[in-house]
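Novice: For reference, the structure I am asking about is given below.
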Amino acid sequence: METIKFIHCADLHLDSPFVGLNTLPNKIYEQVKESTFRAFSKVVDLAIEFSVDFVIIAGDLYDGEDRSIRAQLFLKKELERLEKQGIHAFIVHGNHDHLGGKWTKVNMPSNTHIFPPKAKMIPFTTKTGGKIHLYGYSYPSKHVYEKIVERYEKVDGADYHIGILHGHDSLDNRHYRYAPFQVTDLLDKDFDYWALGHIHKTRILHENPYIVYPGNIQGRNPKEDGPKGCYVVEMNPYRTSVTFHETNVILWDAIELTDEETFEQFDQLYNRLIRLKERMRRKKKSVILDISLSKKQLSSSLIELVESEELLDLLREGEEKELPFVWVRSLSFSDENSMSIFLNENHEFFRELNESLHQLDNFERPLAPLFSHRVAKKYIQPFTKEEEMEIKGKVQQLFSRYFSTKG
Ligand SMILES: [Mn+2]
């Protein structure tokens, strides 16, 4: 039997909108917006560098079900780069890019095999004669809660059997369970490798056979921190080896200064943080960084400098001209995290919130720029009283969910 080599990646989320980051300096925001694209180019670079037989993309190629044309054209161009090298691509679509969405169809090159909305086996033979059966399933609609793995049926006649599944390891309770499965369900299929997608953290659920979540290829928010990438997999009849390769072009990271350090003077703290930044920059990769420290470490004048965000501004100065950049997203106190402020529901804060909402009986003023906008005004209607009430209700809910001890 021949040795085969492939790349397994998932969750490209091409053209993620990065909402909430548009307050970044333009030059940095542009790079953030491009990061999902550039990370996938790196996957393709790796495929060519390692001259793999094929690339598996295990779902959520696009971030939105409308599959922006830009994302599709980009993907097509990258797949064509693979095509030129005789490298194939096997694709399933997941909950983000399910087939039920409305999009303008862009045809993909001939090396690309997209699984239909029912479990199917696609046979493939490598240039050197390795015979593989690949099994996959694309989401017909967003919400697939069925145990899809049960529909995968092993078809004999190949050296290697590879399952591709965008789904949820159901032992993990924190997410909605799309196409749920348990490791034992996958093992029962007697395949040689399971290429999973959906969970954005890198996780190897099983070895021999390997069952792998590669995680996404580029982090998109502070929760998706640390290195992101794909696996290069090499299989022969005796052994499978998997090697992780980083593809993210921007790293999301968080650093906490340990309690042992204390700072009296401005220079001391400022220089320490600048050194920290420069150390990050040596990673040769742009970084979006959250720094936290404890109030106990600082003199009162320094606490003020942090709270007023004056120090934060200084740390950001000139950063938009740097490449790679190290953008300090936040400088905050670990002992006073906003998420950990819990208020009693009778707290004055809620009384005041209710009062201000009550007094806000006129939505027109804050929204005036929108309603007088040349284009927007043709399409939008002022809110009705019912809609205003509903919005106020939602504001109240939102605040109490974040701050109330009952939430
Ligand atoms: Mn995803």
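Novice: Do the conditions hold for S35, that is, is it part of a loop (DSSP other than H, G, I, E, B), in the same structural domain as D97 (by TED's automatic domain parsing) and within 16 Å of the ligand (Cβ to nearest atom)?
Specialist: Against the criterion (part of a loop (DSSP other than H, G, I, E, B), in the same structural domain as D97 (by TED's automatic domain parsing) and within 16 Å of the ligand (Cβ to nearest atom)), S35 does not qualify.
Novice: Can you tell me which residues in the range 197-223 are away from the ligand (no atom under 11 Å from the Cβ) and closer than 18 Å to H93 by Cβ?
Specialist: P214
Novice: Let me ask something else. With respect to Y135, determine if the residue is open to solvent by less than 10 Å² (accessible area, probe 1.4 Å) and among the hydroxyl-bearing types (S, T, Y).
Specialist: yes
Novice: So which of N221, N208 ends up being under 20 Å from the mean Cα position of the chain (by Cα), assigned by TED's automatic domain parsing to the domain that holds S35 and surrounded by fewer than 16 Cβ atoms within 10 Å (Cβ to Cβ)?
Specialist: Matching residue, one of N221, N208: N221.
Novice: Can you tell me which residue is farthest from Y160 (Cα to Cα) among those in the range 2-27 that are touching a strand residue (DSSP E or B) at 6+ places or on another chain (Cβ under 6 Å), away from the ligand (no atom under 16 Å from the Cβ) and open to solvent by less than 30 Å² (accessible area, probe 1.4 Å)?
Specialist: Step by step, filter the range 2-27, then rank; the result is I7.
Novice: Using the structure shown, decide if Y193 is over 24 Å from L14 (Cα atoms) and open to solvent by less than 20 Å² (accessible area, probe 1.4 Å).
Specialist: yes
Novice: If you don't mind, another one. Before we move on, is A71 buried (at least 17 other Cβ atoms within 10 Å of the Cβ) and within 16 Å of the ligand (Cβ to nearest atom)?
Specialist: Yes; evaluated as a whole, the condition is true for this residue.
Novice: Right, another one. So for the range 256-276 (the condition being in contact (Cβ under 8 Å) with a residue 60 or more places away in the chain, open to solvent by 70 Å² or more (accessible area, probe 1.4 Å) and under 29 Å from L21 (Cα atoms)), does at least one residue qualify?
Specialist: yes
Novice: Going by what's in this entry, would E150 be described as within 25 Å of L187 (Cβ to Cβ) and either within 16 Å of the ligand (Cβ to nearest atom) or more than 24 Å from the chain's Cα centre (by Cα) (or both)?
Specialist: Yes.
The values are calculated or read from the model by the stated rules, or taken from the named source; none is laboratory data. Just so it is clear, the model here is predicted, and its values are computed rather than measured. Glycine also receives a Cβ, built like all others from the backbone with ideal geometry; neighbour counts cover every protein chain displayed. Note: accessible area is taken over every heavy atom of the protein model, side chains too, but ligands, DNA and RNA are not part of it. Shrake-Rupley method; radii C 1.70, N 1.55, O 1.52, S 1.80 Å.
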